[in-house]
Amino acid sequence: MRTRIIFSVLFLSFLTFYSVRTVAQKSKEFYEIKVYRLKDKSQEAGIDAFLKNAYLPALHKAGIKNIGVFKPIESDTINGKRIYVIAPYNSLEQMLKVADGLIADTDFNKNGKEYLDLLYTNPPYDRIESILLRAFPGMTSMEAPKFSNPRSERIYELRSYEGATEKIYRNKVKMFNDGDEVSLFKRLGFNAVFYADVISGGRMPNLMYMTSFANIAIHDEKWKSFRDDPQWKRLSGMEEYQHNVSKINIYLLYPTDYSDY
């Protein structure tokens with residue numbers, strides 16, 4: 001009898017743990033980063049008009065908020081003409097439902113007609129890259145920072161950290177979460193927008209995250225404070241976290257005038 005009671009208690013404890021864990025997992029947001037690769041100013045103007053007048057309004061109507069639209073800062077001569085669109089979703093099902101809903105959305109098709117009806121001889125972009133991500137446990141939902149200065153001065157830094165193997169990559173993810181690298185960024189005032197695993201994309205295995213700053217001077221100041229911080233020096237010096245990033249890509253961006261950021 002006593003054995004049965006103990007087993008029942010343990011079983012109920014397992015169910016409680018599993019339920020809590022499942023809820024926690026489901027609460028993590030998913031993000032889609034669309035990167036429009038453009039050839040010239042004409043394509044840039046066309047994509048701007050489509051995003052501003054059709055795409056963002058359609059996503060807003062579907063309940064998707066805090067959509068960021070960004071471009072490389074003027075000094076970025078490496079990445080060329082690109083537009084980055086970052087949208088958060090509660091689930092993959094929601095993302096697919098929104099995407100399917102655009103097909104039947106009368107306003108979307110009307111407002112985006114000029115873009116949608118372009119001929120193959122005059123494409124609106126060179127290519128579109130789509131990256132799918134899932135939020136880290138240390139920051140399960142996207143946050144839009146609040147700045148009062150001109151948008152053209154603001155800096156949004158998107159970083160991509162690749163790992164040599166899947167196992168090594170998971171070690172860097174552990175460093176962000178269990179190693180508390182996320183809280184270090186928060187303490188130093190990096191205004192993080194998101195931290196996430198890349199589920200599908202052109203560079204894998206990797207994680208991506210975005211931080212934000214009122215201007216480039218503050219950006220430089222914050223990174224200096226990060227490099228000099230005792231917590232970072234201790235964390236980065238730990239044997240278990242050595243050599244867990246094989247390549248870093250850094251994109252310095254500013255928000256468009258129609259971005260939610």
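The values are calculated or read from the model by the stated rules, or taken from the named source; none is laboratory data. The structure displayed is predicted, hence computed values, not measured ones. Neighbour counts run over all protein chains shown; Cβ positions are idealised from the backbone, glycine included.
Side notes on the structure shown:
- From Ala58, Ala49, residue being closer than 19 Å to Thr256 by Cα, in contact (Cβ under 8 Å) with a residue 60 or more places away in the chain, surrounded by 15 or more Cβ atoms within 10 Å (Cβ to Cβ) and small (Gly, Ala, Ser): Ala49
- The combined condition, being touching a residue at least 24 places away in the same chain (Cβ under 8 Å), not in a strand (DSSP E or B) and not acidic (Asp, Glu), is not fulfilled by Thr121.
- Residue within the stretch 186-201 that is at pLDDT 95 or above, touching a strand residue (DSSP E or B) at 6+ places or on another chain (Cβ under 9 Å) and of a type in the set (Lys, Arg) present: no
- Per-region count, the stretch 26-49, residues farther than 15 Å from Asp126 by Cβ and modelled with pLDDT of 95 or more: 7
- Residues of the stretch 208-248 that are part of a strand (DSSP E or B) and either of a type outside the set (Val, Ile, Thr) or closer than 17 Å to Gly68 by Cα (or both): Met208, Tyr209, Met210, Thr211, Ser212, Phe213, Lys247.
- Test: residue in the stretch 249-260 that is within 15 Å of the chain's Cα centre (by Cα) and in a loop (DSSP other than H, G, I, E, B): yes
- Taking the stretch 131-162 as the range and being in contact (Cβ under 8 Å) with a residue 12 or more places away in the chain and more than 18 Å from the chain's Cα centre (by Cα) as the test, the residues that pass are Phe147, Asn149, Arg151, Ser152, Glu153.
- Residues that are over 24 Å from the mean Cα position of the chain (by Cα) and among the aromatic types (Phe, Trp, Tyr) within the stretch 86-130 comprise Phe108, Tyr115, Tyr120, listed in sequence order.
- For the stretch 217-257, a residue qualifies if it is surrounded by fewer than 15 Cβ atoms within 10 Å (Cβ to Cβ) and among the hydroxyl-bearing types (Ser, Thr, Tyr), and the qualifying residues are Ser225, Ser236.
- For the stretch 129-137, the condition holds for at least one residue, the condition being that it is under 14 Å from Ile86 (Cα atoms), modelled with pLDDT of 95 or more and among the basic types (Lys, Arg).
Every residue, every condition in (1) within 19 Å of Asn53 (Cα to Cα); (2) small (Gly, Ala, Ser); (3) in contact (Cβ under 8 Å) with a residue 60 or more places away in the chain; (4) in contact with a Gly (Cβ under 8 Å, 6 or more places away or on another chain), yes or no:
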{"residue": "Tyr89", "(1), (2), (3), (4)": "no, no, yes, no"}
{"residue": "Leu96", "(1), (2), (3), (4)": "no, no, no, no"}
{"residue": "Glu129", "(1), (2), (3), (4)": "no, no, yes, yes"}
{"residue": "Arg170", "(1), (2), (3), (4)": "no, no, no, yes"}
{"residue": "Val182", "(1), (2), (3), (4)": "no, no, no, yes"}
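- The residue that is nearest to Pro88 (Cα to Cα), among those in the stretch 153-181 that are buried (at least 19 other Cβ atoms within 10 Å of the Cβ) and hydrophobic (A, V, I, L, M, F, W, C), is Leu158.
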